[in-house]
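Taking it in order: structure first as structure tokens, then the write-up.
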Amino acid sequence: ASESGVWVADIAALIVGIALLGKTLLLRGVILGRIGPFGGLLADACVLAMIVVPIWYLGRRRGRRLPLYAVDGLLTFVMIATSTWAAYHGDVISPKSLVFANQVGRTGNSVKDLLNWVMLLYFIEVVPLVTLEWFARTGRLGREVADRSRTPRRVAVIATVVVATGWFAFSSIAVAHHIGPLNGIILSAERGIFAYQIGSVFHQEGALAQEVLQDADTPDERVQAILDAIDDAVGGREGERIDGIEHGAVAGSNVIVIQVEALQSFVVGKEVDGHRMTPNLDKLAEEAWYFKYGTAQIAAGTTVDAEFAANTSCYPASGQAASIAYVDRVLSSLPRTLGANGYQSVTMHTNTARFWNRRQFYPALGFDRYLDQDFFGKKDKVGWAASDEVLYRKGLEEIERMRDEGGPFYANFITITSHHPYLPLPSRKDPYLPPAPYADTAVGSYLSHIDYMDRTLGAFIDELKATGLWDDSIVVIYGDHHAFKTNQFDSVDADALAALLGREATPLDRMGVPLFVHVPGRSDGHRVETVVGQVDIMPTVLDLLGIDGSHIPMFGRSLFVNSPVVLGVRGYGLAGALIDETTLVAPAIEGEDPVAYDFANPTQGHPPTADETAKLRDAQLLLELSDVYVRGLPAREDYVEDPGMIVPGVTDQ
């Protein structure tokens, strides 16, 4: 009987240890797509050892198992949170992103949509542990007593903890001292998921940037050094004008920018069983400049990061939404630059501006006003907020009023109805119901929302034409980010997406968001095959208006100047990747070679060219310079933290 308590503790620890190791292998396989390299796997195993072993030993001596079960539950929670975050963002969550965690309940439908049977494997030890405890508590294992023995076991425990802690510390320090942008997928594979999560807290991004800025002593010198580095990376911004569009071609025009929720390139121009999914966008592609290979420059902030990239031509922050990381800065932005040139500016969104901290983010961007749920109301609610029809109808009234007041304006529209998880549209919207193989799948629900999006957008464009605003305004329309989560995609949904694409989906498909630019007075369509980015929107608008932005570090370039493309990637698990005119070059795990993927044929990877390999470092430098530049901007005197801000969890807003 005196040995029974010891054996129960030993068996419980064995069950927990094996289960946690198995879940770690599962986590690495699901998130990273691989179990190795060995160093990273060892670091993750060391975390389990340095926590579980001492808890087991102390509990064994005192006859207590509750602390062991508590640790098991805590580590399981961390693994589930990490897996769920990766399912949507395609990256590894870090402590910087924990600000999102307490908002999971606010977006419950989307969270539930991310969970599936794989999550059940994270509770694999529950049944054997419950069975063990039942045997112990019913006396079938004898009377339990504490272990009073003195054996070399203590030495073994101490040695295990010291070695495990040492390797984990080494791995975490390696992450903290990593040079260049943090790539959660690569560093988690190389150094361990838990080491990445801890090491990222202490990582100071900017080692590459400091090489450029080391001789810049004043703010003006730093800005000039950044401008020079941008020009060096992309080979200068001067080039032949495209399609006869000269600088200042439509000076004085109004500016209307429409950011469309979850609009992706692969759906534009598609027909499903004879039904055209985007007839109005297809028509627009025949009368405007259509950039098929647009790319999203988003990270943890998804939608709000797209707003930031489009309005600043800078890259979002690492691990945090731009509306959190940069909200206390006076941002050099499109609305602020236009305001200095006599423009009124307004941004519109039918949800509350407390989502994504927009109450403080919009003043940081320099918008004169923002219109949110208080303005649009809650009538005709679809999903989270009033429908896109309400947004366009009341928004049109507002910009007509601004026009009638005299002077040009900049109006930014953010749609919301086509938002994940694509709940069924109400019957009053006459939803399109796609046939098999899309029926009853997430892909089919998405197509239903895209059909509605296109109808409402087409009606708004018709209204702009009827009121004369179309002929007086630059109109930019683009998608903000991906439509679907990365992994844990149901096999039926995966088959439906493959049917829509005509092939298996790739990470490049997730990045692809179309971009349309209407130039007043021009109705000839141009389909441009060059890869472009959301960071190109601000310099393009300023170029068309003839406004000098040469003193502002912009990491995109005007789409009407034939200059080189060098874009960095912050999100999608591809942090530090390069995008050039046709290709994405993904950074690789140490010891492996980078792989290049053509946007026109993303399924076949190939070795990058020597020029692309060289430009990979340029892209990483630009990411760091963007962060250094934005964080070095003047602080806002009017900034006050909004205690009521709402930051979504694993979904976006």
Please give every one of the lysines within straight-line cross-link reach of residue 292, meaning a C-alpha to C-alpha distance under 20 Å, and leave out same-chain neighbours fewer than 8 residues apart. 270, 283
Suppose R0 equals 45 Å. What FRET efficiency, 1/(1 + (r/R0)^6) with r the Cβ-Cβ distance, do residue 642 and residue 601 give to the nearest 0.05? 0.50
By average C-beta atoms within 10 angstrom, highest first, the peptides 35-42, 183-190: 183-190, 35-42
Reachable lysines from residue 381, Cα under 24 Å, same-chain residues fewer than 8 places away excluded? 112, 394, 429
Rounded to the nearest 0.05, FRET efficiency between residue 328 and residue 18 (Cβ-Cβ, R0 45 Å) equals 0.40
For residue 123, put the label point 7 Å out on the Cα→Cβ axis and report which residues of the range 10-39 keep their amide N under 20 Å from it. 15-27
In whole angstrom, and with the biggest value first, how far do the Cα coordinates of the chain range along each principal axis? 92, 63, 50
Which residues' amide hydrogens lie under 5 Å from the amide hydrogen of residue 295, considering only partners 5 or more residues apart or on another chain, with H built in the peptide plane? 513, 532, 533, 534
If packing is taken as the average count of other Cβ atoms within 10 Å, what order do 11-17, 464-470, 289-295 fall into, highest mean first? 289-295, 11-17, 464-470
Relative to the longest principal Cα axis of the chain, at what angle does helix 491-501 sit, 0 to 90 degrees, rounded to 10? 30 degrees
Over 15 Å [Cα-Cα, the range 459-527], rounded percent: 66 percent
Tell me, what % of the accessible area of the range 530-620 is carbon and sulfur with a 1.4 angstrom probe? 49 percent
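Taking only protein heavy atoms and a 1.4 Å probe, what accessible area per residue, in Å², does the chain have with all protein chains in place?
Each residue of the chain exposes 39 Å² on average to a 1.4 Å probe.
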To test your reading of the geometry: what angle, between 0 and 90 degrees and rounded to tens, separates the Cα axis of helix 610-631 from the longest principal axis of the chain? 90 degrees
Residue separation times 0.36 nm, minus the C-alpha to C-alpha distance between residue 551 and residue 613: what's the value? 19.4 nm
Please report the projected area of the range 204-330's Cα convex hull averaged over all directions, in nm². 11.7 nm²
Ordered by packing density, taken as the mean number of other Cβ atoms within 10 Å over each peptide's residues, highest first, how do 219-232, 119-132 rank? 219-232, 119-132
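The values are calculated or read from the model by the stated rules, or taken from the named source; none is laboratory data. Treat the numbers as computed from the prediction; the structure is a model and nothing was measured. Virtual Cβ from ideal backbone geometry, glycine too; neighbours counted across all protein chains shown. Protein only, heavy atoms only, side chains kept; ligands, DNA and RNA dropped before computing areas. Shrake-Rupley method; radii C 1.70, N 1.55, O 1.52, S 1.80 Å.
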